[in-house]
Amino acid sequence: AGPSACKPPKRKVVDEIFDDMDKDKSGKIEEEEFVDIMVVLCSGIASRITAQIILKLFVIPFLARKIVAICTLLLITYGVISSDVAWYAKDNAFLEFLRSRLPESVLAHLPFTVLTMILLIFLVPFALDTIDDFFMDVAEDSKKEETKED
């Protein structure tokens with residue numbers, strides 16, 4: 001899954017987690033508190049790795065193919081492109097530039113590739129931030145519940 005899935009939290013985040021999990025406010029972490037901290041941090045890593053693998057291998061390629069297919073259908077329906085001529089075969093200076101430098105097999109998959117990269121750039125960090133926020137909320141809720149019990 002790569003280093004981005006396993007990135008260590010910033011010092012400020014770790015300090016916040018330790019402060020939040022220090023139930024008795026002693027300024028020191030007891031064994032039970034340490035175990036709770038490790039559960040939060042390790043659960044986050046496992047979830048980040050799982051989410052990143054699922055997004056990269058399944059979700060994003062599926063979405064990109066569906067979006068390209070829908071856009072192609074709409075462009076054919078409204079007469080912007082023809083179903084019997086490839087999109088990159090139109091007479092256009094930019095497309096001529098691409099045709100002169102890229103093989104046809106690359107051009108045929110270019111919309112899918114570009115869209116996949118765009119989705120990766122936005123969806124993966126969003127998902128990882130959402131997971132981080134979720135586990136921070138879990139840690140805070142755990143602390144609140146234990147404070148109520150005392």
SER105 accessible area, assembled protein chains, probe 1.4 Å, Å²:
80
Longest principal axis of the chain (C-alpha) makes with the long axis of helix 31-54 (C-alpha) an angle, in degrees to the nearest 10, of 10
Counting only helical runs of four or more DSSP H residues, what would the 222 nm mean residue ellipticity of the chain come to if each run contributes -39,500 (n - 2.57) and the total is spread over all its residues?
-25000 deg cm²/dmol
Order LEU75, LEU57, most accessible first, counting only protein heavy atoms with a 1.4 angstrom probe.
LEU57, LEU75
At a probe size of 1.4 Å, how large is the accessible area of THR130, to the nearest 10 Å²?
70
Give me the Debye-computed log₁₀ of I(q)/I(0) at q = 0.24 Å⁻¹ for region 12-93, equal point scatterers on Cα only, no solvent, two decimals.
-1.06
For Cα Rg over 2.2 N^0.38 Å the list reads (i) 1.12; (ii) 1.63; (iii) 1.29; the calculated value is entry (ii)
Read phi for every residue in region 61-68 and hand back ³J(HN,Hα) as whole Hz from Karplus 6.51 cos²θ - 1.76 cosθ + 1.60, θ = phi - 60°, with x for Gly and Pro.
x, 4, 4, 4, 5, 5, 5, 4
Residue separation times 0.36 nm, minus the C-alpha to C-alpha distance between LYS12 and ILE67: what's the value?
15.8 nm
Computed curve, region 90-140, Cα-only Debye sum without solvent term, log₁₀ I(q)/I(0) at 0.22, 0.24, 0.25 Å⁻¹, is -0.83, -0.89, -0.91
Cut-off under 30 Å on the C-alpha distance; same-chain residues fewer than 8 positions from LYS90 excluded. Which lysines are left, in chain and number order?
LYS66
Does anyone have the angle between helix 104-149 and the longest principal axis of the chain? Alpha-carbon axes, 0 to 90°, nearest 10?
20
What's the angle, to the nearest 10 degrees (0 to 90), between helix 11-21's Cα axis and the longest principal axis of the chain?
50
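With a 1.4 Å probe and all protein chains in place, put PHE18, PHE112, PHE58 in order of accessible area, largest first. Mind dumping the intermediate values first?
Working: PHE18 65, PHE112 40, PHE58 130 Å².
In descending accessible area the options line up as PHE58, PHE18, PHE112.
The values are calculated or read from the model by the stated rules, or taken from the named source; none is laboratory data. Since the model is a prediction, treat every value here as computed from it, not as a measurement. Calculation scope for accessible area: heavy atoms of the full protein, side chains included, ligands and nucleic acids excluded. Shrake-Rupley method; radii C 1.70, N 1.55, O 1.52, S 1.80 Å.
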